[in-house]
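**Student:** Following this message is one structure expressed as C-alpha cells.
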Amino acid sequence: MAARRISSLLTRSLSVSSSSVSTSLFSSLGKNSGRNGIGKRFSTAAALEDLIVPPVQIAYTQNLIDGKFVDAASGKTFPTYDPRTGDVISNVAEGDAEDIDRAVAAARKAFDEGPWPKMTPYERSRIMLRFADLVEKHSEELAALETWNNGKPHEQAAKSELPMFIRLFHYYAGWADKIHGLTVPADGPHHVQTLHEPIGVAGQIIPWNFPLLMFAWKVGPALACGNTIVLKTAEQTPLTALYVAKLFHEAGLPPGVLNVVSGYGPTAGAALASHMDVDKVAFTGSTDTGKIVLELAAKSNLKPVTLELGGKSPFIICEDADVDKAVELAHFALFFNQGQCCCAGSRTFVHERVYDEFIEKAKARALRRVVGDPFRKGVEQGPQIDTEQFEKVLRYIRAGIESNATLECGGDRLGTKGYFVQPTVFSNVMDDMLIAKDEIFGPVQSILKFKDIDEVIRRANNTRYGLAAGVFTKSVETANTLTRALRAGTVWVNCFDVFDAAIPFGGYKMSGIGREKGIYSLHNYLQVKAVVTPLKNPAWL
C-alpha cells in the first residue's frame, strides 16, 4: 500500500470548530479579549451527548508474554477510558516489576536460544510482511479501537495512520535482508571486517498520542535487526498495541520475540528502564520523563538509550507568504491531533507586515473548526486524551490570559462531559510567556510578531527544545537561510507533518537523542563488531 502523509489531511473540508472557559473567566478578560470580541461561535459536528457506538469489540486486555495472554502477576487491573465521556471502556492487566521480569526473561530466552536471531533475514522479512497484511485485513477494527481509546478523529486513524502503519512495516521488512557490515582495509597484513549484530533485548516505552504509529516506529526497526522486545504501552491507550501484537503472532512471530506489558510509568516503565537484562531502551514521551529513563538506564547496566521527547516548534510565516495558505498550514501544524503532537507548530511567528491579516484569518479558521464525536464524518478535532491533559490545557489558557496575551477565540471546554477543548487562538504573545515557552500539548495557537529574519532565527532558537520547525515563504534564498540556521531535527518548508517511512525524525537539545524512522533508526538496534584476522603472505593488501 502506498505511503500516506499526515499532511494529506489538509485536503479535507475546511469546516472546523470548538466551544467554552468559565463565565467568570470571560468576565475578567478586559483588554485581553480579541479586537472584535471573543469568538464563541464554533462549528460543532453534533450534540456531544449523541455519541456513536464504536463498531468494535474489546478482545485483548491481558499482558502478552512469551506468546500468551496472561493476567498481571498481582492480579490487578486498571481502567482505560473513552475520552469522549470519561467512561470506562475496559479493565486492563496492570503490569508491574514482576511482569516486566517475566517479559524480559521470555525475551532473553527468545534471543539467546530461540529461532528469531538465527532465522535468515529474508524469513524475518516474510513474517513482517505477513503481519502488515493482517493489519490491513483488520484495519477497520484497529482504526475504531484507536479512535475509541485515544479520541482522535476516525477519518485520521483510518485514512492516514493505519495506511502509514502498514507502510512502515513494509519498509522495515525490506531492510531486514539488507543489513550488513563492511570489509575494511588495514595498514598491515590483516583481514578486517565489521559485523552489524542485533543488540539483544530491547525495552520500548511508547506514548498515548499516536499509539499505533509509535508501536511501528519502535517495533519495526528492532525486529528487522533481529532483536527481541519488551514493549510497555501508555496506560491511557493499551488496547491497539495488544491487538496488533496478537496479529504478529498469527503471522508466525516466535513466542517471546515481542512481549507487551500494560502498566504505569513509575512501576512497569521504571522496572523496564532499570532492568539489568535489558540491552537497550527506547522511549517516546515528555522531556522530564525522558530524563528519568536516561538516569535509570545509566544507573543500572549503562544500557544505550534513544529518546524522542518534547518540542515547542516554531512555524515561521515570512512577509512574502500567501496569507490564506499560510493560515491553513499553520492551523494544521498546531491543531492536528487535538494539538497533542510533540512537533506541533506551537509558536506561530508571523512577519509584522502580514500579522494583522493573519490574526483575523487564523481566528476565523479556528472558529470554523469542527469539534465533536471523533467517530462522526467531517469532525476535525476530538477530545483531549484524559482529565489530566484536559486540565493542563485549560491551566495554560488561563496563564495566557493572565500574562496579557490577547485571547482571540476559544479558551474553554466544549460541552459538559468528556475532554473537549475549544480551538484557542492567542495573539500579542511574547517570548517570555508560559504559552510561548512550555509544551502545552493541546489546541492552543500562540501567534508572535517578528520584524526580520535575523530576529526570528534568534527567537526561534531561544528554547530548550529542538524537535521541528516550519518555514512558509516563496523565496528559496530565505528558505535556505532558515533551514540551515534553525536548531531543529526536522525543518518543513511550505509543508508540515510529512512523515514518510524513510524520513528520519528526532530532535536537537532537550528534544531527544537519536533518530526514529529511515535508515538511521536501524543504528539504534545494532552493535558494530570488528573482526581482525592475520593474513599470511597475502597477494595484495
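The values are calculated or read from the model by the stated rules, or taken from the named source; none is laboratory data. Keep in mind it's a predicted model, so treat the numbers as computed, not measured. All Cβ positions, even for glycine, are placed from backbone atoms using ideal geometry, and neighbour counts span all protein chains on display. For accessibility, only protein heavy atoms count, side chains too; no ligands or nucleic acids. Shrake-Rupley method; radii C 1.70, N 1.55, O 1.52, S 1.80 Å.
**Student:** Of TYR419, ILE359, CYS341, which is farthest towards the positive pole of region 314-501's charge dipole, taken about the Cα centre with +1 and -1 on the beta-carbons of Lys, Arg and Asp, Glu respectively?
**Tutor:** The residue sitting farthest along the positive end of the dipole is TYR419.
**Student:** Next question. With charges set only on the Cβ (+1 for Lys and Arg, -1 for Asp and Glu), what does the dipole of region 232-378 come to about its Cα centre, in debye to the nearest 20?
**Tutor:** The dipole of region 232-378 has a size of about 360 debye.
**Student:** Separate question: Report the Stokes-Einstein translational diffusion coefficient (µm² s⁻¹, integer) for region 203-287, Rh taken as the Kirkwood radius over Cα pairs, at 4 °C with viscosity 1.567 mPa s.
**Tutor:** Estimated via Stokes-Einstein, D reaches 100 µm²/s.
**Student:** Nothing charged except the Cβ atoms of Lys and Arg (+1) and of Asp and Glu (-1): what's the magnitude of the dipole of the chain about its Cα centre? Round to the nearest 20 debye.
**Tutor:** 680
**Student:** Placing +1 on the Cβ of each Lys and Arg and -1 on the Cβ of each Asp and Glu in the chain, which of ILE100, ALA251, THR194 has its Cα farthest towards the positive end of the resulting dipole?
**Tutor:** THR194
**Student:** Still on this structure: Amide H to amide H under 5 Å from ALA282: which residues, 5+ apart in sequence or cross-chain, H placed 1.01 Å off N in plane?
**Tutor:** GLY203, GLN204, ILE205, THR306
**Student:** Go through region 149-155 residue by residue and turn each phi into a ³J(HN,Hα) via Karplus (6.51, -1.76, 1.60, θ = phi - 60°); whole Hz please, and just put x for glycine and proline.
**Tutor:** 7, 10, x, 6, x, 4, 4
**Student:** Okay, next question. Quick one: give the max-minus-min coordinate of the C-alpha atoms of region 133-177 along each principal axis, largest first, in Å.
**Tutor:** Ordered largest first, region 133-177 gives principal extents of 37, 16, 15 Å.
**Student:** Further question: Given a 1.4 Å probe and heavy atoms of the protein chains only, how would you sort THR387, THR478, largest accessible area at the top?
**Tutor:** Result, largest first: THR387, THR478.
**Student:** Got a sec to turn the phi values of region 420-437 into Karplus ³J(HN,Hα) couplings, 6.51 cos²θ - 1.76 cosθ + 1.60 with θ = phi - 60°, whole Hz, x for Gly and Pro?
**Tutor:** So the Karplus estimates, Gly and Pro as x, are 8, 10, 4, x, 10, 10, 10, 10, 6, 8, 9, 4, 8, 6, 4, 5, 9, 10 Hz.
**Student:** Further question: How much of the pair distance distribution for region 287-349 lies past 19 Å, counting alpha-carbon pairs only, in percent?
**Tutor:** 49
**Student:** Restricting to DSSP H runs of at least four residues, report the calculated mean residue ellipticity at 222 nm for the chain, -39500 (n - 2.57) per run over all residues, nearest 500 deg cm²/dmol.
**Tutor:** Calculated from helices alone, the mean residue ellipticity at 222 nm is -10000 deg cm²/dmol.
**Student:** Now, a different point. Given the protein chains as shown and a 1.4 Å probe, how many square angstrom of HIS249 are accessible, to the nearest 10?
**Tutor:** Looks like 40 Å² after rounding.
**Student:** Among DSSP bridges having both ends in the chain, what percentage is antiparallel? Round to the nearest 5.
**Tutor:** Approximately 40 percent, going by the DSSP bridge assignments.
**Student:** Given the C-alpha centroids of region 83-155 and region 485-520, what is the distance between them in whole angstrom?
**Tutor:** Their Cα centres are 25 Å away from one another.
**Student:** What pairs in LYS68/LYS152; LYS218/LYS246; LYS325/LYS451; LYS392/LYS437; LYS178/LYS529; LYS76/LYS392 have C-alpha atoms more than 22 Å from each other?
**Tutor:** Correct reply: LYS68/LYS152; LYS76/LYS392.
**Student:** With N set to the residue count of region 117-268, report its C-alpha Rg divided by 2.2 N^0.38 Å to two decimal places.
**Tutor:** Working it through for region 117-268, the quotient is 1.18.
**Student:** With all distinct Cα pairs included, what does the Kirkwood hydrodynamic radius of region 373-412 come out to in Å, to one decimal, could you say?
**Tutor:** Kirkwood hydrodynamic radius for region 373-412: 11.8 Å.
**Student:** Given region 314-501, what whole percent of its Cα pairs are spread farther than 31 Å?
**Tutor:** Looking at region 314-501, the distances longer than 31 Å represent 12 percent of pairs.
**Student:** For a label point 7 Å from the Cα of SER286 along Cα→C-beta, name the residues of region 369-402 whose backbone N is under 15 Å from it.
**Tutor:** Answer for region 369-402: 385-396.
**Student:** Calculate log10 I(q)/I(0) of region 57-129 for q = 0.11, 0.14 Å⁻¹, where I(q) comes from the Debye formula with a single equal point scatterer on each Cα and nothing for solvent.
**Tutor:** Debye intensities relative to I(0), on a log10 scale: -0.43, -0.63.
**Student:** Using the crude model of +1 on Lys and Arg Cβ and -1 on Asp and Glu Cβ, and no other charge, please compute the dipole size for region 314-501 relative to its Cα centre, in debye to 20.
**Tutor:** So the dipole magnitude of region 314-501 works out to roughly 320 debye.
**Student:** Straight distance only, please: which aspartates and glutamates reach the Cα of LYS417 with their own Cα at less than 17 Å, same-chain residues fewer than 8 apart left out?
**Tutor:** Correct list for LYS417: GLU49, ASP50, ASP82, ASP87, ASP373, ASP386, GLU388, GLU391.
**Student:** When averaged across all projection directions, what area in nm² does the alpha-carbon convex hull of region 415-471 cover?
**Tutor:** 5.1
**Student:** Long-range amide H contacts for TYR81: which residues qualify at under 5 Å (H placed 1.01 Å from N, peptide plane, sequence gap of 5 or more or a different chain)?
**Tutor:** ILE89
**Student:** Order ILE199, ILE435, most accessible first, counting only protein heavy atoms with a 1.4 angstrom probe.
**Tutor:** My answer, sorted largest first, is ILE199, ILE435.
**Student:** Now a separate question. Restricting attention to region 104-164, which GluC sites (Glu not before Pro) occupy a DSSP loop and are surrounded by at most 16 other Cβ atoms within 10 Å?
**Tutor:** Sites meeting the loop and neighbour criteria: GLU113.
**Student:** Would you grab the residues whose amide H sits under 5 Å from the one on GLU408? Only those 5+ places off in sequence or on another chain, please, with H modelled 1.01 Å from N.
**Tutor:** VAL425, PHE426, SER427
**Student:** Also, I was wondering about something else. Mind checking region 322-427 for GluC sites (Glu not before Pro) that DSSP puts in a loop (not H, G, I, E or B) and that have at most 13 other Cβ atoms within 10 Å?
**Tutor:** GLU352
**Student:** Could you run the Karplus curve 6.51 cos²θ - 1.76 cosθ + 1.60 with θ = phi - 60° over region 113-121 and give me ³J(HN,Hα) per residue in whole Hz, x for Gly and Pro?
**Tutor:** 10, x, x, 4, x, 8, 5, 5, x
**Student:** Okay, moving on. Only one of the values (i) 1.00; (ii) 0.94; (iii) 1.30 was calculated from this structure for Cα Rg over 2.2 N^0.38 Å; name its label.
**Tutor:** (i)
**Student:** Find out how many positive minus negative residues lie around GLY220, taking Lys and Arg as positive, Asp and Glu as negative, among other residues whose Cβ is under 13 Å from that of GLY220.
**Tutor:** +3
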